[in-house]
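Following: one structure in structure tokens, then a few remarks.
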Amino acid sequence: MSKDYYNVLGVDKGATHEEIKKAFRKLAHKYHPDKEGGDEAKFKEINEAYQIVGNEEKRKQFDQYGADFQQQGGFGGGMGWDDFMQQARQGGGGGGGFNGAHVDLGDLGDIFGELFGGGFGFGGGGRRKQHKVGSDIEVKVDLSFNEAVFGIEKSIDLHKVDTCKRCDGNGGEPRTKVDSCKTCGGHGIVEQIQRTLLGAMRTQVECPDCRGAGTIAEKTCDECTGTGVTKQPTNIKVKIPAGIEDGQAIKLTGAGEASAYGGDHGSLYVRVKVKDSKQYTRDGETIRSDVEVSFPQATLGTKVDVSTVDGKVELKIPAGTQSGKVLKLRGKGAPAIGSSQRGDHLVTIVVKTPTKPSRKEKKLLKELADLNGEEIINGGGLFS
């Protein structure tokens, strides 16, 4: 019975090459024999399918004649699994052939590299230095309420691993000759054979002599002993954006610790702690505060000065305003990070009740109660 390679990969017959490639990579990761839950038979089957429908010429033949167009396991011209693995171990150069068969090994090289943590030499492209990155750092910065609203530049003192100032990171004493590493030819990596369930795999690892730098100095730096890094005090100026909130962090790529032997710097995370305000609270771009008004002011209406982050602002209190009423000052709130638009300042009206009214005030309040037909029961001696 002919195999349905599209079904094996879980794609439609009209799938694009990128869709087929994506499905193949997903299944190869899932069924690789060296992974927990892997399945060697299934792994071979999906590779067989990809070598056919992932190849434009073979896909046309398969679509026309079915899987019987090649009787030798789908790898073409008598090329079986062992031949395929031999081709893989030899590097492939992005494609190779046995008895006229062309095999695309680049995708397998990427996948095996991800699974085993090294390059396997299947695909095209030259050898590259391994990507090393220094440690990330997190620091905390205290901000006032207004600093968080409007933003500010802060100066931060750190003591961190950084590029050696004596050798400028190359690991050699000043005026010392620095040559390409003879062991790795300046690539920073060397190849080694790794044994797996699928046979011997050619992997790429960090060069043990230059430690991945690709260069070796005639005389190592006295300050950093050849590593290219030292621990030293550093000052960094950080622009805190307007609108930042308590607990948020800013990432400064490349401002973290340096990596030894020519690697990249890590990142610096600046996490902010916003101090509480006695006047305001904040919810995103909205700032809130309270303002007290007297009973007559709330009844008759008035204008009062309200404190905002921009200074004093006059607020109109409509006649008949009840305690708890919220009035809005548009555009007097905080901005969203990266935006020039600001939120609103919401003011909650608190009607102040007199606790020790004068005799005249008591009389006027009593007259007001009588005018409204309200009965006053003297439970606290207010009108006594």
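Before moving on, here are some points about what is shown:
- Gly331 touching an Asp or Glu at 6+ places or on another chain (Cβ under 9 Å) and modelled with pLDDT of 95 or more: yes
- Boolean, Asp305 is within 30 Å of Asp157 (Cα to Cα), open to solvent by 70 Å² or more (accessible area, probe 1.4 Å) and among the acidic types (Asp, Glu): no
- Taking the criterion of being under 19 Å from Leu365 (Cβ atoms) and of a type in the set (Asp, Glu), the only residue of the stretch 288-307 that qualifies is Glu292.
Table: residues versus (1) open to solvent by 60 Å² or more (accessible area, probe 1.4 Å); (2) of a type in the set (S, T, N, Q); (3) in a helix (DSSP H, G or I); (4) at pLDDT 90 or above.
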{"position": "Lys3", "(1), (2), (3), (4)": "yes, no, no, no"}
{"position": "Asp12", "(1), (2), (3), (4)": "yes, no, no, yes"}
{"position": "His29", "(1), (2), (3), (4)": "no, no, yes, no"}
{"position": "Asp34", "(1), (2), (3), (4)": "yes, no, no, no"}
{"position": "Gly37", "(1), (2), (3), (4)": "yes, no, no, no"}
{"position": "Ala41", "(1), (2), (3), (4)": "yes, no, yes, no"}
{"position": "Ala49", "(1), (2), (3), (4)": "no, no, yes, no"}
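- Residue ranges of strands (runs of 3 or more DSSP E) in the stretch 184-270 with at least 2 members without any contact (Cβ under 8 Å) to a residue 40 or more places away in the chain and either within 30 Å of Phe150 (Cα to Cα) or open to solvent by 30 Å² or more (accessible area, probe 1.4 Å) (or both): 189-196, 249-253
- Count of the stretch 338-361 residues which are exposed (fewer than 15 other Cβ atoms within 10 Å of the Cβ) and either acidic (Asp, Glu) or not in a strand (DSSP E or B) (or both): 13
- Scope the stretch 279-293; condition hydroxyl-bearing (Ser, Thr, Tyr) and in contact (Cβ under 8 Å) with a residue 60 or more places away in the chain; matching residues: Tyr280, Thr286
- Yes/no for Asp283 being within 30 Å of Ala319 (Cα to Cα) and either surrounded by 20 or more Cβ atoms within 10 Å (Cβ to Cβ) or not β-branched (Val, Ile, Thr) (or both): yes
Per-residue answers, yes or no, for (1) surrounded by 13 or more Cβ atoms within 10 Å (Cβ to Cβ); (2) in contact with a helix residue (DSSP H, G or I) (Cβ under 8 Å, 6 or more places away or on another chain):
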| position | (1), (2) |
| --- | --- |
| Ser289 | yes, no |
| Lys312 | no, no |
| Pro318 | no, no |
| Ser323 | yes, yes |
| Val326 | no, no |
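- Of all residue pairs spaced 6 or more apart or on separate chains, those with beta-carbon atoms under 6 Å, a first member in the stretch 162-180 that is more than 21 Å from Ala255 (Cβ to Cβ) and a second member that is of a type in the set (S, T, N, Q) and part of a loop (DSSP other than H, G, I, E, B) are Val178/Asn170.
- Filter pass, Asp168 being farther than 23 Å from Ile137 by Cβ and either open to solvent by less than 30 Å² (accessible area, probe 1.4 Å) or of a type outside the set (Ser, Thr, Tyr) (or both): no
The values are calculated or read from the model by the stated rules, or taken from the named source; none is laboratory data. Keep in mind it's a predicted model, so treat the numbers as computed, not measured. Every residue, glycine among them, receives a Cβ derived from its backbone with ideal geometry; neighbour counts consider all protein chains shown. These accessible areas exclude ligands, DNA and RNA; they are computed on the full protein's heavy atoms, side chains included. Shrake-Rupley method; radii C 1.70, N 1.55, O 1.52, S 1.80 Å.
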